C-alpha cells in the first residue's frame, strides 16, 4: 500500500494555518503587529519600516498581503508612504482643545487638517436617568440618539454618541446627515452661542464596534469624553459621550 510522506511544516506555515483557523486574516495580523511595535517605541516617529520584501519573507506571505497591511496602518494614521523611498512611521498627535467653545471642525481645521463628520446611525429612544438629568428632561422623555464618527484627513479620530431632546430637535438626524455639523444643526433651530458647561475625561477600551469604526484593535485604549453643552442662558441642548483614539489625539483643557 502506498503511503504519503508527512510534509515538514515550517513554523511560518503553522502560524499561518493557526491564524486562518481562528479567522484572523494575515494582513491584519501584520498590521496589528507593526502597530504594537510602533506603540511600544520599537519604531520611532520618522523611522522607515522594513521593505515589503523583508516583511513578506518574515511572515511567509506575498507582497500583496504586505501592501494591504501597510495600507491599513496608513488608514489608522500611523504611517505614510513615499513613492520610491518606503513607508515611514507617523505618530504625531492632534491637539484637541477643550474649552468653553469646543467645535470639532474648528479645532481640526485650525491644526491644518481637513475635518470630516459622518452619521453612522440614529434613533429615538427614552432617555435614561443619566441622560435625562444632563438634559434637564423628565425620566424616559424621548431623545434623539446620534452615532457619529469624526476624522482628520480621513483618519478616524473619535466616535461620539450625542443625545438631544426629540421634541425640540426632531429633524436633527436629517440635518446632520446633510450639514455634517452639530453647530449647523443647532443654528437651524436658532441656537448660535452654545458653550461647553462641563467635561469629564476618563480612560476606557474599545469594544468590537468602536474598534471597527476607529480602525483600532479591540481593547485598545481610548479617551472617553463626556460633556454637556448649553445655550448662552444656561439651558442644556445636547450631551455627548465621545471615544477618542488615545494614540491620535492629546486632549488640551483650556482655562
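Bear in mind these aren't lab numbers, they're just calculated from the coordinates by the rules spelled out. Model, not experiment: these values are computed from the prediction. Heads up, the Cβs are rebuilt from the backbone with ideal geometry, glycines too, and the neighbour counts pull from every protein chain shown.
Quantify how much of the Cα-Cα distance distribution of region 173-255 extends past 17 Å, in percent. Walk me through the numbers on the way to the answer.
Working: 2000 of 3403 pairs.
The share of Cα pairs beyond 17 Å in region 173-255 comes to 59 percent.
How large is the direction-averaged shadow of the alpha-carbon convex hull of region 153-219, in nm²? Could the numbers behind the result be given before it?
On the way: hull surface 24.9 nm².
Spelled out: convex hull of the Cα atoms, projected over all directions, averaged, 6.2 nm².
Direction-averaged shadow area of the convex hull around the Cα atoms of the chain, nm²? Could the numbers behind the result be given before it?
Details: hull surface 76.2 nm².
Seen from a random direction, the Cα hull of the chain projects 19.0 nm² on average.
Pairing the Cα long axis of helix 63-75 with the longest principal axis of the chain, what angle in degrees results, from 0 to 90 and rounded to the nearest 10?
Rounded to the nearest ten degrees, it is 20.
Between 220, 168, 150, which gets the highest mean-square fluctuation from a Gaussian network model of the chain, Cα cutoff 10 Å?
168
How large is the translational diffusion coefficient of region 104-255 in µm² per second when you combine the Kirkwood radius over alpha carbon pairs with Stokes-Einstein at 4 °C and 1.567 mPa s? Each step should come with its number before you reach the end.
Values: Rh = 15.9 Å.
Rounded to a whole number, D works out at 81 µm²/s.
To the nearest 0.05, what FRET efficiency results for residue 205 and residue 171 with a Förster distance of 41 Å applied to their C-beta separation? If you can, show how the numbers build up before the last one.
On the way: r = 35 Å, r/R0 = 0.85.
Here the calculated transfer efficiency is 0.75.
Rounding to the nearest 10 and keeping the result within 0 to 90°, find how far the Cα-based axis of helix 11-21 lies from the longest principal axis of the chain.
Between the helix axis and the principal axis of the chain, the angle is about 40 degrees.
First measure r as the distance between the Cβ atoms of residue 109 and residue 251, then evaluate 1/(1 + (r/R0)^6) with R0 = 25 Å and state the FRET efficiency to the nearest 0.05.
0.90
What percent antiparallel are the DSSP beta bridges of the chain, to the nearest 5?
Numbers: 51 of 56 bridges.
Here the share of antiparallel DSSP bridges comes out near 90 percent.
Can you give me the P(r) profile for region 41-115? Cα pairs, bins 5 angstrom wide beginning at 0, each as a whole percent.
With a bin width of 5 Å, the distribution comes to 3, 14, 18, 19, 14, 10, 8, 6, 4, 2, 0.
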